Amino acid sequence: MREKPKVKVACVQAAPVYFDLDRTIKKSIALIEDAAGNGARLIAFPEVWLPGYPFFFWLGAPIEGLAHMPGYRDNALVIGSEQDLALRRAAADNGIFVCMGYSELSGSSLYMGQMLLSPEGVPLVQRRKLKPTLAERCVFGEGDGSHLQVVETSIGRVGALNCWEHLQPLLKYAMYAQNEEIHVAAWPSLSLYKGKSYALGPEMTWATSQVYALEGQCYVLAATQVATPELVARLCDTPLRQGLLPVGGGCSMIFGPDGAPLCQPIPEDREGILYADVDFAAIGLAKTAADPAGHYARPDVARLLLNTAPAKRVVPMDAFGQTALAIPPGIGHDAASTVGAEEI
């Protein structure tokens with residue numbers, strides 16, 4: 001089989017207009033246009049880029065973080081909303097795949113969402129982080145096994161995970177087993193707890209993203225946010241808080257299937273877009289050496305049991321106690337409708 005041609009990809013390191021959905025949508029569209037104008041076929045955005053990562057729950061007692069929640073909820077993305085459709089139009093207008101991270105408001109709950117849009121503006125993946133990490137559980141609900149998705153596209157097989165999902169070996173293996181070729185690793189700013197938690201810092205984020213590329217023999221686009229002086233001034237009103245969230249934290253990078261960094265990093269307090277070429281021949285070469293979900297596996301010794309069924313909150317039953325096949329609109333956590341290309 002003849003190898004596919006090389007594909008140029010783009011990885012964001014930038015700050016959203018923190019906690020302002022409409023202004024961050026406008027900034028997102030500008031970045032999409034920039035990447036497409038530079039020949040990229042895919043652009044990757046950080047974790048909950050829309051409307052920004054909720055650092056406030058890491059800076060004190062949970063009850064203090066609650067003061068920020070009304071505004072944060074009001075600026076979360078609703079699937080099918082005008083803001084959502086504006087992103088889809090931007091993907092279509094620029095003929096580019098977009099992997100967007102966002103805080104999703106569904107019903108009355110928030111989820112850490114990632115969406116892969118096609119160059120026609122059609123959602124190919126709409127997933128949620130399976131287990132929010134530590135303080136994130138004060139804000140967000142959980143996804144389920146149906147959200148471990150790798151999809152076949154015209155630029156290869158593409159998948160995405162959020163942040164410390166990359167520390168869960170079974171979740172990674174579920175993605176590798178779907179023959180992922182391009183992976184989006186979405187992260188927040190890595191300045192949080194700088195000097196106090198090595199595990200949350202840029203060194204381990206790089207290492208984790210590199211290992212994913214090496215283990216999965218795929219290209220990894222590790223996209224990060226930047227903590228701005230304005231964000232720090234807004235959230236850090238005491239010397240203690242100022243020490244917990246310094247300015248900076250950007251450490252975006254694109255890694256090849258051998259784990260090698262493929263571009264020059266951007267300084268941690270600067271914004272920009274990183275570019276690299278995906279060479280599918282390099283994936284084939286890496287798979288020849290080790291394919292942990294293929295020839296390098298030992299299924300007679302260890303296998304992954306994966307539940308990909310959606311975890312419905314409510315499953316209606318009929319008068320005879322039988323589970324109904326259809327779920328009435330508005331019932332369960334997937335009540336938000338999926339809007340097709342004809343509505344863009």
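The values are calculated or read from the model by the stated rules, or taken from the named source; none is laboratory data. Model, not experiment: these values are computed from the prediction. Cβ coordinates were reconstructed from backbone atoms using ideal geometry, including for glycine residues, and neighbour counts include every protein chain displayed. Ligands, DNA and RNA are excluded from the accessible area calculation, which covers all protein heavy atoms including side chains. Shrake-Rupley method; radii C 1.70, N 1.55, O 1.52, S 1.80 Å.
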Could you please tell me which pairs satisfy a Cβ distance under 6 Å, a separation of 6+ or placement on different chains, a first residue in the range 247-271 that is on the phi > 0 side of the Ramachandran plot, and a second residue that is open to solvent by 30 Å² or more (accessible area, probe 1.4 Å) and hydrophobic (A, V, I, L, M, F, W, C)? GLY259/LEU214
By residue number, the members of the range 98-151 that are at positive phi and of a type outside the set (Gly, Ala, Ser) are LEU134
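With respect to LEU231, determine if the residue is under 23 Å from ASP34 (Cβ atoms), open to solvent by 30 Å² or more (accessible area, probe 1.4 Å) and not charged (D, E, K, R). Working first, answer last.
On the way: under 23 Å from ASP34 (Cβ atoms): yes; open to solvent by 30 Å² or more (accessible area, probe 1.4 Å): no; not charged (D, E, K, R): yes.
No.
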Subset of the range 70-97 [closer than 18 Å to PRO16 by Cα and polar (S, T, N, Q)]: ASN75, GLN83
Would you mind finding the one in GLY143, GLY159 that is in a strand (DSSP E or B) and closer than 23 Å to ASN307 by Cα? GLY159
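Restricting the range 1-60 to residues that are among the aromatic types (Phe, Trp, Tyr) and closer than 23 Å to SER118 by Cβ, which is surrounded by the fewest Cβ atoms within 10 Å (Cβ to Cβ)?
Going through the range 1-60, the residues among the aromatic types (Phe, Trp, Tyr) turn out to be 18-19, 45, 49, 53, 55-58.
From what's left, closer than 23 Å to SER118 by Cβ: 45, 49.
Values: PHE45: 31, TRP49: 28.
Residue satisfying both the conditions and the ranking: TRP49.
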Among (1) closer than 23 Å to VAL125 by Cβ; (2) modelled with pLDDT under 95; (3) in a helix (DSSP H, G or I) - the single one LYS4 does not satisfy: (3)
Subset of the range 28-75 [closer than 18 Å to LEU240 by Cβ and in a helix (DSSP H, G or I)]: PHE55, PHE56, PHE57, TRP58, PRO62, ILE63, GLU64, GLY65, ALA67, HIS68
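Here's the yes/no breakdown for (1) over 17 Å from GLY159 (Cα atoms); (2) of a type in the set (A, V, I, L, M, F, W, C); (3) out of contact with any Pro (no Cβ under 8 Å at 6 or more places or on another chain):
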| residue | (1), (2), (3) |
| --- | --- |
| TYR219 | no, no, no |
| VAL232 | yes, yes, no |
| TYR275 | yes, no, yes |
| ALA286 | yes, yes, no |
Checked the range 218-228 for anything within 18 Å of PRO169 (Cα to Cα) and either more than 19 Å from the chain's Cα centre (by Cα) or open to solvent by 70 Å² or more (accessible area, probe 1.4 Å) (or both); matches are none
Taking the options ASN162, ASN94, name whichever one is over 24 Å from ARG313 (Cα atoms), modelled with pLDDT of 95 or more and not small (Gly, Ala, Ser). ASN94
What pairs come up if the first residue lies in the range 188-214 and is closer than 15 Å to LEU244 by Cβ and in contact (Cβ under 8 Å) with a residue 24 or more places away in the chain, the second is outside any helix (DSSP H, G or I) and of a type in the set (Val, Ile, Thr), and their beta carbons are under 8 Å apart, counting only those six or more places apart or on different chains? PRO188/VAL48; PRO188/THR224; SER189/THR224; SER189/VAL226; LEU190/THR224; SER191/VAL247
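Would you confirm whether or not the range 240-251 contains a residue that is farther than 22 Å from PHE45 by Cβ, modelled with pLDDT of 90 or more and open to solvent by 60 Å² or more (accessible area, probe 1.4 Å)?
Keep residues of the range 240-251 that are farther than 22 Å from PHE45 by Cβ, which gives 240-244, 246.
Filter once more, keeping what is modelled with pLDDT of 90 or more: 240-244, 246.
Going one step further and asking which of them are open to solvent by 60 Å² or more (accessible area, probe 1.4 Å), we end up with 240, 242.
Yes, the range 240-251 contains a residue that is farther than 22 Å from PHE45 by Cβ, modelled with pLDDT of 90 or more and open to solvent by 60 Å² or more (accessible area, probe 1.4 Å).
Of the residues that sit in the range 174-202 and are part of a loop (DSSP other than H, G, I, E, B) and hydroxyl-bearing (Ser, Thr, Tyr), which one is surrounded by the most Cβ atoms within 10 Å (Cβ to Cβ)? I'd like the intermediate steps shown before the answer.
Residues of the range 174-202 part of a loop (DSSP other than H, G, I, E, B): 177-181, 187-197, 201.
Retained after the next criterion (residues that are hydroxyl-bearing (Ser, Thr, Tyr)): 189, 191, 193, 197.
On the way: SER189: 29, SER191: 27, TYR193: 17, SER197: 11.
The residue in question is SER189.
Taking into account only those residues within the range 203-216 that are open to solvent by less than 10 Å² (accessible area, probe 1.4 Å) and among the polar types (S, T, N, Q), which is farthest from TYR296 (Cα to Cα)? So that I can check it myself, show each step before the final result.
Initially, the range 203-216 is screened for residues open to solvent by less than 10 Å² (accessible area, probe 1.4 Å), giving 205, 209, 212-213, 216.
Keeping just the survivors that are among the polar types (S, T, N, Q) gives 205, 209.
Details: THR205: 26, SER209: 21 Å.
Going through the qualifying residues, I end up with THR205.
This table checks each residue for (1) among the polar types (S, T, N, Q); (2) in contact with a strand residue (DSSP E or B) (Cβ under 9 Å, 6 or more places away or on another chain); (3) more than 30 Å from ASP279 (Cα to Cα).
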residue: SER28; (1), (2), (3): yes, yes, no
residue: ASN38; (1), (2), (3): yes, yes, no
residue: ILE43; (1), (2), (3): no, yes, no
residue: GLU47; (1), (2), (3): no, yes, no
residue: PHE55; (1), (2), (3): no, yes, yes
residue: ILE63; (1), (2), (3): no, no, yes
residue: HIS68; (1), (2), (3): no, no, yes
Selection from the range 288-313 of residues that are assigned to a loop (DSSP other than H, G, I, E, B) and among the aliphatic types (A, V, I, L, M): ALA290, ALA293, ALA297, VAL301, ALA302, LEU304, LEU305, LEU306, ALA309, ALA311
If you go through the range 109-136, how many residues are under 23 Å from ALA86 (Cα atoms) and either of a type in the set (Ser, Thr, Tyr) or in a strand (DSSP E or B) (or both)? 16
Just one of LEU171, LEU167, LEU161, LEU105 is open to solvent by 10 Å² or more (accessible area, probe 1.4 Å), more than 19 Å from PRO16 (Cβ to Cβ) and in contact with a Leu (Cβ under 9 Å, 6 or more places away or on another chain); which is it? LEU171
